[in-house]
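So the structure is just underneath, and the comments pick up after that.
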4 protein chains.
Amino acid sequence: MKETYIKEFANVEPKNPILIEGLPGLGLVGKIAIRYLIKQMKAQKFAYLYSPHFPYFVLVSKKGNVRLLRGSFYFWKNKDGKNDLLLFTGDSQSQTIEGQYEIADRMLDFSQKHQVKTIVTIGGYRVETDDKPKVFVAATSPDILTKATKGGAIVSDSGSPIVGTAGLILGLARFKKIDALCLLGETRGYLPDPMAARSVLEVLKAMFNFDLDLAGLDEDIVKAEKMVSRLQKIEEKRALQAEETRKEEDRKTTYIS
Amino acid sequence: MKETYIKEFANVEPKNPILIEGLPGLGLVGKIAIRYLIKQMKAQKFAYLYSPHFPYFVLVSKKGNVRLLRGSFYFWKNKDGKNDLLLFTGDSQSQTIEGQYEIADRMLDFSQKHQVKTIVTIGGYRVETDDKPKVFVAATSPDILTKATKGGAIVSDSGSPIVGTAGLILGLARFKKIDALCLLGETRGYLPDPMAARSVLEVLKAMFNFDLDLAGLDEDIVKAEKMVSRLQKIEEKRALQAEETRKEEDRKTTYIS
Amino acid sequence: MKETYIKEFANVEPKNPILIEGLPGLGLVGKIAIRYLIKQMKAQKFAYLYSPHFPYFVLVSKKGNVRLLRGSFYFWKNKDGKNDLLLFTGDSQSQTIEGQYEIADRMLDFSQKHQVKTIVTIGGYRVETDDKPKVFVAATSPDILTKATKGGAIVSDSGSPIVGTAGLILGLARFKKIDALCLLGETRGYLPDPMAARSVLEVLKAMFNFDLDLAGLDEDIVKAEKMVSRLQKIEEKRALQAEETRKEEDRKTTYIS
Amino acid sequence: MKETYIKEFANVEPKNPILIEGLPGLGLVGKIAIRYLIKQMKAQKFAYLYSPHFPYFVLVSKKGNVRLLRGSFYFWKNKDGKNDLLLFTGDSQSQTIEGQYEIADRMLDFSQKHQVKTIVTIGGYRVETDDKPKVFVAATSPDILTKATKGGAIVSDSGSPIVGTAGLILGLARFKKIDALCLLGETRGYLPDPMAARSVLEVLKAMFNFDLDLAGLDEDIVKAEKMVSRLQKIEEKRALQAEETRKEEDRKTTYIS
């Protein structure tokens, strides 16, 4: 394997497909969103993306089997609407700069092959807040941008960077004449963040009229919030002790001098 | 995108053109100088340089649009003089060694294609001083070097390194039989330095008889100087406090022992 | 040398061969196991693997001669059983990500050329224990996995990573339709660990009915255990002194305040 | 420039040439030795080696001219003996692993083209000593090794690594059927070490019966020794002060507790 390549092992014939991408990144927002879509929609896995730019280890899977790190494409037949879905997530981002560009390129070639109309990439946007996560959008055309803002997204600030595959797909999409947009959910970023993923999915649902129940994320969100408040309490306690220690030292200093 | 490439989207027919290059580097001297030239001369953007060796993120531009990191070429029609100008600046230097050589190579191919007579590269030269920044010059031929020294530049010391695209273009230019020179403005280097850029532009103006008003940089220079003196005051205060703390500790030590 | 390649310098005609691989890694488990097999079986060296992704130094060998870092293939003619053996070990793993994939690819091409039926890779699994090292197994097919568990190995946990050549060979083997399994011996990992190697060899012996005397490892195991207990005593002493120092400081603090 | 290449700008017809290589490394032993040979023998520069794996800066040379980092080949016509000399030194080693292998490969291709009979590479061997530096040797054939030991060199210990171009040329030489040896002069390694270079040159002189006066190195050796003893005094003083500080603190501690 000298280059990134995509291997299709099931034949799919998507109708006006939309490709939605979410690789691991800040708060795992994209990966959580895609995995939830796959599960809820019972999408069918049909292709793998392999790359020599992924980390050089393999993972033990079920029953002692082994597999390379990879990305996976899933297909969802939309019986009621006009757009079928291709869903993509994976184990890792590329570990090299050249690999980042190569993977985004291969994903766009694959999109052309399947006559993808629109690509949506999902990521996280780092922010410290307890509010419901907002969703920022950037896009390759005003039409698709407007569709996202009508769905509840806020236009990204000029100058913001979008790092990794989610960003490079948009940057390279114009050369392939494919419309693309990126949805970034607000997240603290250091823990898996299903709340940010839900915000992004709400925008997607509104944009494309998916029949999608988001209640399945609630349990994960409650768990994640407990984890955050536990970490915050630990941090507060640590800060308090540091303060105590400082005062104690002040007292000693005063006593001596 | 496997390699660096340049995409021209407007047709230009430059007459005896000079290419002036300034990518981000020490004090952003090159980038500030080129951007000022573009603005003052109302130069026309006509080509982009893309590279898989730039950092792997994209930037949100105006109105939520997205673009790859890139370099941009601008064209200025010189109605009164004999040399049209091509101006080049961009978002970033290459992130890999091989990319640094590749980008300089592509810029020289592009220069040959447009029959560029002379290439000027601009950078910063790190120095701690409050004086008006001097400008150092190095060049591929004595003629062009002399022209620069007549314009107020000082010949660079033997053994000085010139890092990045500004340097490699000169190093590789001899293989393409193109004259090239590099102008380095003195700068502290850690903040954008419009004063160093003005010094460089003064040399350029004298060398090529540009009709160029540099007063437009004055406002930026005043702002930059305020920033520097604010940082210097913070640093002085910090040094003073450190001194106080040290004396205080000396007193305690003396008291105890 | 632009790419990894394998140079055969002796002609071998292996019958239904099994390839057993063990490059340096955690506790040198794989390398120790392979070297012991080579020595006990008097296997014959017949090929080298070279790569520009190995570290850029050479080693002085016997009598002042010099050699590149490399991997070495050995051949063992199995006079009594049905599977001949190819044994592989070397000086180093690849230093680059792309090289890791390239070396595993070349090893699989080589295996196809010699009609290898099964590949066994050997590595270490980090754990802090004084018990007899367990052996974990992962494999590309249930049959070969079962054979290993009957030989005493335990199925690896789902989600465990297997790093480096030992892992990538398994990950890439499915594309070449070669069965492969990985045996990981438990090891602390920071010292050469012949005990872990013996555990792995016991599984191999049981799996393939090798006539293999493992007593030759006992001396090395005794030495290694002495080294470990010496290091543990040093560490305990260091921890005790740190504790003393802390108490001493507590006393002073109390006295002063 | 996508790859390392060598550009010849003067026509030379060497007779049974020996190539002697010395790039920057520990104590600059190789570079100092080659530069001394060039100067004493008035060798003629005839070729440059360029590589995109050298660091990405250029150097200002005399009179404000600029040049890429490079290696340089020199030719010396041996009027009295049977072997002409090719001498090679340069600004830098490769900055990437692949580049290290590529540069050694190109040097061997070049050697084949000019029918080089023997290659000598020169480097440093790190050791803390005030004695006259010994010279270690490793080689691709016993004959050439013996010649070096007769000239005063000591056979390198088995297992020693030889890092960089000096080592890889030997490792790759066997594939090109060229004899090669490496001479390593003992050096502390952190300062330019003309004494180590002289030891190496003494061996070379004895091996090939060069008419070579080494007295020209004496001045540099005296300077280097002064520098070393100055640094040693500074270090001793620093150690003494640290000791004083420690005792002072012990006294205070005793007084308080």
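The values are calculated or read from the model by the stated rules, or taken from the named source; none is laboratory data. None of these values were measured; they are calculated from a predicted model. Cβ coordinates were reconstructed from backbone atoms using ideal geometry, including for glycine residues, and neighbour counts include every protein chain displayed.
Considering the range B:73-87 alone, what residues qualify as being touching a helix residue (DSSP H, G or I) at 6+ places or on another chain (Cβ under 9 Å) and part of a strand (DSSP E or B)?
Within the range B:73-87, B:PHE73, B:TYR74, B:TRP76, B:LEU85, B:LEU86, B:LEU87 meet the criteria.
Go through (1) out of contact with any Lys or Arg (no Cβ under 7 Å at 6 or more places or on another chain); (2) within 7 Å of another protein chain (Cβ to nearest Cβ); (3) within 24 Å of A:LYS2 (Cα to Cα); (4) crowded, with 24+ Cβ neighbours inside 10 Å for C:GLN95 and report which single condition fails.
Just one mismatch for C:GLN95, condition (4).
D:LYS77 fails exactly one of the following numbered conditions: (1) facing chain B (nearest Cβ under 9 Å); (2) surrounded by fewer than 20 Cβ atoms within 10 Å (Cβ to Cβ). What is the number of that condition?
(1)
Restricting the search to the range A:75-132, which residues are under 20 Å from A:PRO192 (Cα atoms) and among the β-branched types (Val, Ile, Thr)?
A:THR89, A:THR121, A:ILE122, A:VAL127, A:THR129 - these are the residues of the range A:75-132 that are under 20 Å from A:PRO192 (Cα atoms) and among the β-branched types (Val, Ile, Thr).
Filter the range C:116-132 down to the residues that are of a type outside the set (Asp, Glu) and either more than 15 Å from the chain's Cα centre (by Cα) or over 24 Å from C:ILE169 (Cα atoms) (or both) and list them by number.
Within the range C:116-132, C:VAL116, C:LYS117, C:THR118, C:VAL127, C:THR129, C:LYS132 qualify.
Which one of these does A:ARG35 not meet: (1) part of a strand (DSSP E or B); (2) under 17 Å from the mean Cα position of the chain (by Cα); (3) among the charged types (D, E, K, R)?
(1)
Being surrounded by 11 or more Cβ atoms within 10 Å (Cβ to Cβ), within 30 Å of B:ALA196 (Cα to Cα) and either modelled with pLDDT under 80 or not aliphatic (A, V, I, L, M) (or both) is the filter here, so list the residues in the range B:230-257 that pass it.
B:GLN232
How many residues are touching a residue at least 40 places away in the same chain (Cβ under 8 Å), of a type outside the set (A, V, I, L, M, F, W, C) and farther than 30 Å from A:ASP213 by Cβ if we restrict to the range A:33-71?
Adding up the residues that qualify gives 5.
With C:TYR50, C:TYR36 as the choices, which residue is touching a Lys or Arg at 6+ places or on another chain (Cβ under 8 Å) and among the hydroxyl-bearing types (Ser, Thr, Tyr)?
C:TYR50
Specify the residue that is farthest from the other protein chains (Cβ to nearest Cβ); the eligible residues are those in the range B:38-67 that are among the small types (Gly, Ala, Ser) and more than 22 Å from the chain's Cα centre (by Cα).
B:SER61
Take D:ASP213 and tell me if it is among the charged types (D, E, K, R), away from chain C (no Cβ under 14 Å), within 27 Å of D:ASN78 (Cα to Cα) and in contact with a helix residue (DSSP H, G or I) (Cβ under 7 Å, 6 or more places away or on another chain).
Yes: the conditions hold for D:ASP213.
Sort out which residues of the range B:142-176 are among the polar types (S, T, N, Q) and within 17 Å of B:GLY124 (Cβ to Cβ), and write them in order of number.
Listed by number, the residues that qualify are B:SER156, B:SER160, B:THR165.
Please tell me if C:ASN11 is more than 18 Å from the chain's Cα centre (by Cα) and over 30 Å from D:LEU108 (Cβ atoms).
For C:ASN11, the condition - more than 18 Å from the chain's Cα centre (by Cα) and over 30 Å from D:LEU108 (Cβ atoms) - is not met.
Are any residues in the range D:157-187 under 20 Å from D:PRO17 (Cβ atoms), among the β-branched types (Val, Ile, Thr) and surrounded by fewer than 22 Cβ atoms within 10 Å (Cβ to Cβ), and if so, which ones?
The answer is D:ILE178, and nothing else.
Based on what the data block shows, is A:ILE169 touching a Ser or Thr at 6+ places or on another chain (Cβ under 7 Å) and more than 13 Å from A:GLY27 (Cβ to Cβ)?
Here the answer is yes, as A:ILE169 does meet what is asked.
Taking the range D:198-251, which residues are hydroxyl-bearing (Ser, Thr, Tyr) and closer than 30 Å to D:ASN83 by Cβ?
The one that is hydroxyl-bearing (Ser, Thr, Tyr) and closer than 30 Å to D:ASN83 by Cβ: D:SER199.
What are the residues in the range B:34-66 that are surrounded by fewer than 19 Cβ atoms within 10 Å (Cβ to Cβ) and in contact with a Ser or Thr (Cβ under 7 Å, 6 or more places away or on another chain), if any?
B:ARG35, B:LYS45, B:TYR48, B:PRO55, B:SER61, B:LYS62
So which strands (runs of 3 or more DSSP E) stay within the range B:99-210 end to end and still have 1 or more residues that are within 14 Å of chain D (Cβ to nearest Cβ), touching a residue at least 40 places away in the same chain (Cβ under 8 Å) and touching a Pro at 6+ places or on another chain (Cβ under 9 Å)?
B:118-126, B:161-163
Within the range D:79-101, can one find any residue that is farther than 30 Å from B:VAL155 by Cα, over 19 Å from the mean Cα position of the chain (by Cα), at pLDDT 95 or above and of a type outside the set (A, V, I, L, M, F, W, C)?
The answer is yes, given that some residue of the range D:79-101 is farther than 30 Å from B:VAL155 by Cα, over 19 Å from the mean Cα position of the chain (by Cα), at pLDDT 95 or above and of a type outside the set (A, V, I, L, M, F, W, C).
Of everything in the range B:190-219 that's more than 30 Å from B:ASN16 (Cβ to Cβ) and within 16 Å of the chain's Cα centre (by Cα), which residue is surrounded by the most Cβ atoms within 10 Å (Cβ to Cβ)?
B:ASP193
Evaluate the following for D:ILE32: is it within 14 Å of chain B (Cβ to nearest Cβ), in contact with a helix residue (DSSP H, G or I) (Cβ under 6 Å, 6 or more places away or on another chain) and at pLDDT 95 or above?
no
So, in the range B:1-15, how many residues would count as being in contact (Cβ under 8 Å) with a residue 60 or more places away in the chain and touching an Asp or Glu at 6+ places or on another chain (Cβ under 7 Å)?
Final tally of qualifying residues: 4.
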